[in-house]
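A short reminder: the numbers here are calculations on the coordinates, not readings from a lab. Just so it is clear, the structure is predicted and the values come from calculations on it, not from any experiment. Counting neighbours? That spans all protein chains shown, and the Cβs are built from the backbone with ideal geometry, glycine included.
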Amino acid sequence: MKMKVLRFLVLPWVLFFIAIVSVMVFAGAATTKLPELASKYGLYLLFVGIVFCLYSNFSTLTRAGIWLAHSLPSSLRRSPWGWFFRAVLAAAIALGFYLVGQLPWIPLLWQAMVIPVAFAASLFVIVWSLMGLVLTWSSQIAFSRFSAFALGLPVFALVPLTAIFLGKTITTAYVASRPETSPSLMQAAAQKDQKKEMAQAANTTTTPTDTKPTVTPLSDEAKLFYSLATAGKSCAENSKEIQKALTPYESEDVAFWAIKAIKCTEMKSVVALPKLAKIMVEHSSSKVRAAAILAMPKFGTENVRRIGYLLVKRISEKEPVEVIEAAAQVLIRLGEDEKKWAHNRLKSLLDSSKASGTVAKVLVENLKSDELVIEYISTNLPGQGPARARAVKMVCALPPSQRQVAEPYIESIVASIQTGAEDDPAIVALGCMGQAGFEAIRREVTSPKKLGRPVAARALAEIDIKDNTEGALEIAKDCAKDADDTVRKWCSQALGEIGSAALPQILDLLKSNKSELKDAGQNALNYFNDPKAKIELFRVRAENSGWMATQKKLEIAKAVDGALVKIVTEESQSQRNEGKTE
């Protein structure tokens, strides 16, 4: 029986090729569960398809008998090299189309249509040519059908491999052409809030860590005391349980809420004050100790005065800042003498490297002794060493109207910048000084005198520039193109933090032909989070996507998409939070 063996060998692989590409494209473009199903069962379907094609090939070779190469051209039997060179030429053509597609000015349509068509045509020219050679050679030896089947395996393996490659290429191009279907953006818009509310102290409490707060459930006893403390009604019947919990050895949560619940009891001062005093001195948690101090005034001024000396001792360098602040707040309410004691102790702590910032705050806010802090700042800012560092930390403790006292010494504050990080005391102080602080940083970025330019650039990125958007934009847009990588990094961050006003400059960076400026634009968008620019970002993304978009434009669309994800995510989170509060 004569058969056109080659045609029947290739036909099932053609169908298999079309099936693989179709499934991958539909799965990648679908918004239903099809992508998930294709990912889950794809390997099984691939296996079934390969088995079917191999079985079909085996059946075809079995029926071919001695006519294995009968239908092939006689020229192939005489001179096989032409078919071999045709296969090599087809492979070279496919490679050429692929390499052209990598050029930055080639539109996305090339990836989605030209490359798949070129590869599909080249693939079957290659398979047809190589299998013609295999059938011709196999027909001349013993076990011809087995030899043809075995030698055809690596040739036909090209079909599923190429189909998978083209399926991914088309799917990737489709997603890139429609950025609104970006999985990250869709997920950001639809994601559910999986974080528990950490402010619900009735059920949880937060524990600080080096990274971010974790949620620790309250014990049943702590929950009881919390409910009593926040109920706003008498809890005299629970006085014994609360009194029992007032010990220095109780856990932080139980002790804290037991102290808060004292206000609804009828506990006598002779019982409560000694317990609070012992907790104030001995408990391991500064939060609980401060709470114990602040709970004392409930039991009368005269009674608290009797242990006033213990409160005075709490205003010490050895104590945590919250304990110092709590003790000062209670002392100044007891009378003039106690207020003087607190005043003198606080004044002596202005030279404490640990507590000077808190002490200055208490002096200004509670004792209204601004003059002490002003005097300390004026005396020590012009100097050097630890005293100047303490004075820098005190600038923000002054009321805004009095911070100009530091302006004559602003160069000294700038010189005290160490890293330029957000928590650098000098950066904090300059931020509190408003326009004067910003101008000092701008001068350093433009013409460094006190700082290295990279440190000055970081200070520009970290300082609060909300009230100086125009000035910050003017300096950041120039230094974002600086030759120094570090300067460029921090200045581009500053551009991103400026927000919508800086978007044109950021886009100019992204459109640059220089890779370092493109990176600066990308870095700016990493810090961009201005909802006012959302509409413009959508427009820019649409303008730089679609089938006719080039690789350069697609890079811009992808960078903009990252900023949109951040904005949409925070808007969704904000809306969910508003819904919960309602």
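Quick notes on this structure:
- Relative to the globular-protein estimate of 2.2 N^0.38 Å, the Cα radius of gyration of the stretch 71-132 stands at 1.38.
- Contour minus Cα-Cα distance for LYS340 and LEU45 (0.36 nm per residue): 97.7 nm
- With contacts taken as Cα pairs under 8 Å at a separation of at least 6 residues, the stretch 5-177 carries a relative contact order of 37 percent.
- Positive minus negative residues near VAL281 (Lys, Arg vs Asp, Glu; Cβ under 14 Å): +4
- Percent RCO, i.e. relative contact order, over the chain, from Cα pairs under 8 Å lying at least 6 residues apart: 10
- Compared with the dominant principal axis of the Cα atoms in the chain, helix 269-282 is inclined by about 50°.
- Euclidean distance between Cα centres, the stretch 255-318 to the stretch 520-546, Å: 55
- Prolate/oblate/rounded call for the stretch 474-582, Cα gyration tensor, a/c under 1.5 rounded: oblate
- Furthest towards positive pole of dipole, PRO248, PHE16, LEU451, structure part the chain, Cβ charges: PHE16
- Of all lysines in the structure, the ones whose alpha carbon falls short of 20 Å from that of LYS450, not counting any fewer than 8 places away in one chain, are LYS393.
- By definition, a body whose alpha carbon gyration tensor gives a ≥ b ≥ c is oblate when a/c is 1.5 or more and a/b is not larger than b/c, and the stretch 5-177 fits this oblate description.
- Length-normalised contact order of the stretch 474-582 in % [C-alpha pairs under 8 Å, at least 6 apart]: 21
- Each label was represented as a point 7 Å from its Cα along the Cα-to-Cβ direction; for LEU161 and ARG7 these points are 2.9 nm apart.
- C-alpha long axis of helix 252-261 to longest principal axis of the chain, angle in °: 50
- For LYS368, a cut-off of 17 angstrom between C-alpha atoms picks up these aspartates and glutamates, skipping any fewer than 8 places away in its own chain: GLU325, GLU336, ASP337, GLU338.
- Every helix of 4 or more DSSP H residues in the chain counts as -39500 (n - 2.57), and over all residues that averages to -21000 deg cm²/dmol at 222 nm.
- Using alpha-carbon coordinates, inclination of helix 115-138 to the longest axis of the chain, degrees: 40
- Farthest positive-ward along the chain dipole, Cα basis, beta-carbon charges - from THR162, THR60, TRP547: THR60
- Within a straight-line Cα-Cα reach of under 17 Å, LYS233 can be paired with the following aspartates and glutamates, leaving aside sequence neighbours fewer than 8 residues apart in one chain: GLU241, GLU266.
- Stretching the chain fully between GLU536 and THR550 yields a gain of 3.0 nm (0.36 nm per residue, less the alpha carbon separation).
- Here volume of the Cα convex hull per residue in Å³ was computed from the coordinates, and among [x] 173; [y] 147; [z] 226 the match is [z].
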